[in-house]
Amino acid sequence: MPLLTKQEKRKKIGISKYWFVKIPKKWLILSGQKTDLKNDLFLIIVLKFYLRHRLLTLFLLCFISNILGQSNHFVVADSISKLPLPNASIFDYKGNLLGICNSNGKSSYISPNNLPVTVRYMGFKEKEIENLNQDTVFLQENYFELPEVIVATRQKSILHMLAYVREYSSLTTYTDTIFLFREKMVDFMVPQDIKLKYKGWTKPRILSSKSYYHFRNSEGLDSVSDECDHHFSWSDWIGVNPLMPINENLIRTEIGSDTLKGKYSHSEIWNKNKDKIAIDINVLADTLTRRWVPDIKGYLKDNIDFENFKVHFGYENVTGDLLLPNDLTNYSFNIESVGRGHSLFRFNRPDEDYYVSTYAEVYFLDKEFISLKEAKKWEKHNFNTDEIEIYEAYEAPELQPNILSLMDRVENIDKQQIILSWKDDPRFRYERKKNNNFSLGNRMLNIVKGITGISSYKSNKKRKKEWKEFRDNWNEKRNSKKK
């Protein structure tokens, strides 16, 4: 198709000569041999609108540039070293965990409906973000004094550690959601001498606990409780590591950072600031990172689908080339999985997935080296979780208003009134018939059957038989529907 001249274009488009006087040539004449008349026409219409409504066009351009310039992401960094803080946690104004920053400190997508959000990183003061205009969020380091730890001796070579735990967990299906906030007092017993024939425990042992559940479903359920039949938390499986070697690139440096790459992504990010070391681990990046979570690595071999598994450890007063448990000041972790370590047979919804997420923060309150005799006394001591008081860590941030509201609702539950107002189901009532034979001989026979276990054996056999028949019939109906 031959190129058209200006006059031919004007004649074909039907636009007056006046508009071509106002429009610069470079806007009208497209370079190259593939000049399209439709493109020229569109450009002319846009410029014609601009000439008629210049102020409105400038306003629209400013509005669009403002929207495009506002990002829904930001980077979390240290205010002093300017280094990014990987795996920083982001909470919305309701106290729900929105996401975790990546290895470069960049946050996930944040909707304006969730503002204001709170950025939290252990060892730093949390910060509230009211708008998304800033591209970098700087956190200030949280300075606090830990209690003195007496150096281990030959007689006292077992480290006893007391810690305060905050946990945010949720169990979600397609129709139901259970949210859990829990505070706990836990302890650890870590032997320092390998020659001792005493293992202790590196997983947190619960001394005292308070749970606050919030139940919701698609039908509008909104109830709270301090008890739940489902145990879906991962917080009891992440503990203390006895001895861990320091990254070789950071042993001789006072301030520095190093990143270890795994098979799929960054596996470990080390940050050192004089005698403080922070490690962020992506457990799913490589099999070598499982050494940081020895108590839970068995679940990684099962059929549980872990979508996210990140751990953060903070150490202080580090000297030498080893990370010692008595230098550990805090740790946190975020786990997201499909399922929770056991198969649940639900005959009415067998194929429904349930999603579990746990975010927990552990703050160490006290550390003490004790003898083997004292450690065994602690191990055999039976604790009543209702009697031991929960001591909140000094460096722990304030709770969100929605969490405080949940705690207030649960603590104001009148259990006695609920029990008194409960109405029994008449279908479970048993009416005694007059023709029942309650003679002495039948009573003695029932006692003998109970002692020998005959009645229990028969009832269990009958129950298993009925349950097997029920499952077989149900599976048969299900297979017939599929066909």
Of those in segment 265-314 that are more than 28 Å from THR253 (Cβ to Cβ), among the aliphatic types (A, V, I, L, M) and in a helix (DSSP H, G or I), the residue most open to solvent (accessible area, probe 1.4 Å) is LEU284
Please go through segment 116-135 and pick out each residue that is outside any strand (DSSP E or B) and open to solvent by 40 Å² or more (accessible area, probe 1.4 Å). PRO116, LYS125, GLU126, GLU130, ASN131, ASN133, GLN134, ASP135
Cβ contacts < 7 Å: first residue closer than 29 Å to GLU141 by Cβ, restricted to segment 274-300; second residue of a type in the set (Ser, Thr, Tyr) and assigned to a helix (DSSP H, G or I), any location; separation 6+ or different chain. Result? ILE281/THR289; ASN282/THR289; VAL283/THR289
Which of (1) touching a Phe, Trp or Tyr at 6+ places or on another chain (Cβ under 7 Å); (2) closer than 21 Å to ARG291 by Cα is the odd one out, the single condition HIS214 does not satisfy? (2)
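Can you find even one residue in segment 237-247 that is of a type in the set (Gly, Ala, Ser) and either modelled with pLDDT under 90 or outside any loop (DSSP other than H, G, I, E, B) (or both)?
No, because not a single residue in segment 237-247 is of a type in the set (Gly, Ala, Ser) and either modelled with pLDDT under 90 or outside any loop (DSSP other than H, G, I, E, B) (or both).
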Looking at the structure I just gave you, is VAL224 modelled with pLDDT of 90 or more, part of a strand (DSSP E or B) and β-branched (Val, Ile, Thr)? yes
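In this structure, does LEU221 turn out to be in contact with an Asp or Glu (Cβ under 9 Å, 6 or more places away or on another chain) and closer than 30 Å to GLU411 by Cβ?
On the way: in contact with an Asp or Glu (Cβ under 9 Å, 6 or more places away or on another chain): yes; closer than 30 Å to GLU411 by Cβ: yes.
Spelling it out, LEU221 is indeed in contact with an Asp or Glu (Cβ under 9 Å, 6 or more places away or on another chain) and closer than 30 Å to GLU411 by Cβ.
Please verify whether SER208 is farther than 18 Å from ASN104 by Cα, touching a residue at least 60 places away in the same chain (Cβ under 8 Å) and surrounded by fewer than 19 Cβ atoms within 10 Å (Cβ to Cβ), treating the condition exactly as stated.
Numbers: farther than 18 Å from ASN104 by Cα: yes; touching a residue at least 60 places away in the same chain (Cβ under 8 Å): yes; surrounded by fewer than 19 Cβ atoms within 10 Å (Cβ to Cβ): yes.
So SER208 fits the description; yes.
Would you check if there is a residue in segment 373-386 being modelled with pLDDT of 80 or more and open to solvent by less than 60 Å² (accessible area, probe 1.4 Å)? Let's see the steps before the verdict.
Keep residues of segment 373-386 that are modelled with pLDDT of 80 or more, which gives 373-380.
With the extra rule that they be open to solvent by less than 60 Å² (accessible area, probe 1.4 Å), the set shrinks to 375.
Among the residues of segment 373-386, at least one is modelled with pLDDT of 80 or more and open to solvent by less than 60 Å² (accessible area, probe 1.4 Å), which makes the answer yes.
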Across segment 136-152, which residue is nearest to ASP78 (Cα to Cα) among those that are in a loop (DSSP other than H, G, I, E, B) and either at pLDDT 85 or above or open to solvent by less than 100 Å² (accessible area, probe 1.4 Å) (or both)? GLN140
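The values are calculated or read from the model by the stated rules, or taken from the named source; none is laboratory data. The structure displayed is predicted, hence computed values, not measured ones. Glycine gets a Cβ as well: all are built from the backbone with ideal geometry, and neighbour counts include every protein chain shown. Surface areas here come from the heavy atoms of the whole protein model, side chains and all, with no ligands, DNA or RNA. Shrake-Rupley method; radii C 1.70, N 1.55, O 1.52, S 1.80 Å.
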